[in-house]
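Novice: What follows is a structure written as structure tokens; I'll ask about it next.
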Amino acid sequence: MAVTRIIANLRAPDPTALAQFYKQVFDLDLPLDMGWITFLTSDTTQKIELHTASEGGSGTDLPVISIGVDDLDATEAAVRAAGAEVVYGPVKEAWGLRRFYFRDPAGNLVNVVDS
């Protein structure tokens, strides 16, 4: 048996509005919107990861998802321009990772990592 993908499901009172936020900030495609669930995709290839944790590191709350990006500064600007609150960072962590956290419009805590 081989795992072929792992999907993050974010709880949202308005899935379409939250999908539009992520589409705008992360330049994702929105191929399916059924009202109660939306699918956001990208043509990039990614590896499968599943993390288990008791906290987010550096004493922070555990985010619901982590998103790797190629330009952390541009992504932070896009998050702020979309009206989301950056609640941690950007910071270069002691273990070498550069990242920031934000709260999306539905209140989910999201970790954005320079990959």
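The values are calculated or read from the model by the stated rules, or taken from the named source; none is laboratory data. Source: prediction; values computed, not measured. As a convention, Cβ positions derive from the backbone with ideal geometry for all residues, glycine included, and neighbour counts pool all protein chains shown. All accessible areas refer to the heavy atoms of the entire protein, side chains included, with ligands and DNA or RNA removed. Shrake-Rupley method; radii C 1.70, N 1.55, O 1.52, S 1.80 Å.
Novice: Only one residue in GLY89, GLY59, GLY96 is farther than 23 Å from ASN9 by Cβ, in a strand (DSSP E or B) and either under 13 Å from the mean Cα position of the chain (by Cα) or not aromatic (Phe, Trp, Tyr) (or both). Which one?
Specialist: Among GLY89, GLY59, GLY96, only GLY89 is farther than 23 Å from ASN9 by Cβ, in a strand (DSSP E or B) and either under 13 Å from the mean Cα position of the chain (by Cα) or not aromatic (Phe, Trp, Tyr) (or both).
Novice: Tally the residues that are of a type in the set (Phe, Trp, Tyr) and in contact (Cβ under 8 Å) with a residue 60 or more places away in the chain, restricting the search to region 1-46.
Specialist: So the answer is 2.
Novice: Before we move on, is VAL64 touching a residue at least 12 places away in the same chain (Cβ under 8 Å), open to solvent by 70 Å² or more (accessible area, probe 1.4 Å) and β-branched (Val, Ile, Thr)?
Specialist: So VAL64 fits the description; yes.
Novice: Let me ask something else about it. Go through the residues of region 29-40 one by one and say whether even a single one is out of contact with any Pro (no Cβ under 6 Å at 6 or more places or on another chain) and modelled with pLDDT under 95.
Specialist: No, because not a single residue in region 29-40 is out of contact with any Pro (no Cβ under 6 Å at 6 or more places or on another chain) and modelled with pLDDT under 95.
Novice: Going by the structure shown, is VAL69 open to solvent by 50 Å² or more (accessible area, probe 1.4 Å) and touching a strand residue (DSSP E or B) at 6+ places or on another chain (Cβ under 7 Å)?
Specialist: Spelling it out, it is not the case that VAL69 is open to solvent by 50 Å² or more (accessible area, probe 1.4 Å) and touching a strand residue (DSSP E or B) at 6+ places or on another chain (Cβ under 7 Å).
Novice: So ALA74 fits all but one of (1) more than 16 Å from SER115 (Cβ to Cβ); (2) among the aliphatic types (A, V, I, L, M); (3) assigned to a helix (DSSP H, G or I); what number is the exception?
Specialist: Here ALA74 clears every test but (1).
Novice: Right, another one. Taking the condition of being open to solvent by 50 Å² or more (accessible area, probe 1.4 Å), of a type outside the set (Gly, Ala, Ser) and over 17 Å from GLY59 (Cβ atoms), how many residues in region 73-112 meet it?
Specialist: 6
Novice: Look through LEU18, LEU32, LEU40 and report the one residue that is more than 14 Å from the chain's Cα centre (by Cα) and not in a loop (DSSP other than H, G, I, E, B).
Specialist: LEU32
Novice: May I ask you to list the residues in region 13-58 that are over 17 Å from ASN111 (Cβ atoms) and touching a Gly at 6+ places or on another chain (Cβ under 9 Å)?
Specialist: PRO15, THR16
Novice: Six or more apart or on different chains, Cβ atoms under 8 Å: show the pairs whose first residue is in region 81-95 and within 19 Å of ASP71 (Cβ to Cβ) and whose second is aliphatic (A, V, I, L, M) and at pLDDT 95 or above.
Specialist: ALA82/VAL25; ALA84/VAL25; VAL86/VAL79; PRO90/LEU72
Novice: Return a yes/no flag: does region 64-72 have any residue that is more than 21 Å from LYS47 (Cα to Cα) and of a type in the set (Gly, Ala, Ser).
Specialist: no
Novice: Here is a follow-up. Would you pick out the residues in region 7-54 that are surrounded by 10 or more Cβ atoms within 10 Å (Cβ to Cβ) and over 23 Å from ASP71 (Cβ atoms)?
Specialist: ARG11, ALA12, ASP14, PRO15, THR16, ALA17, LEU32, ASP33, ILE37, THR38, PHE39
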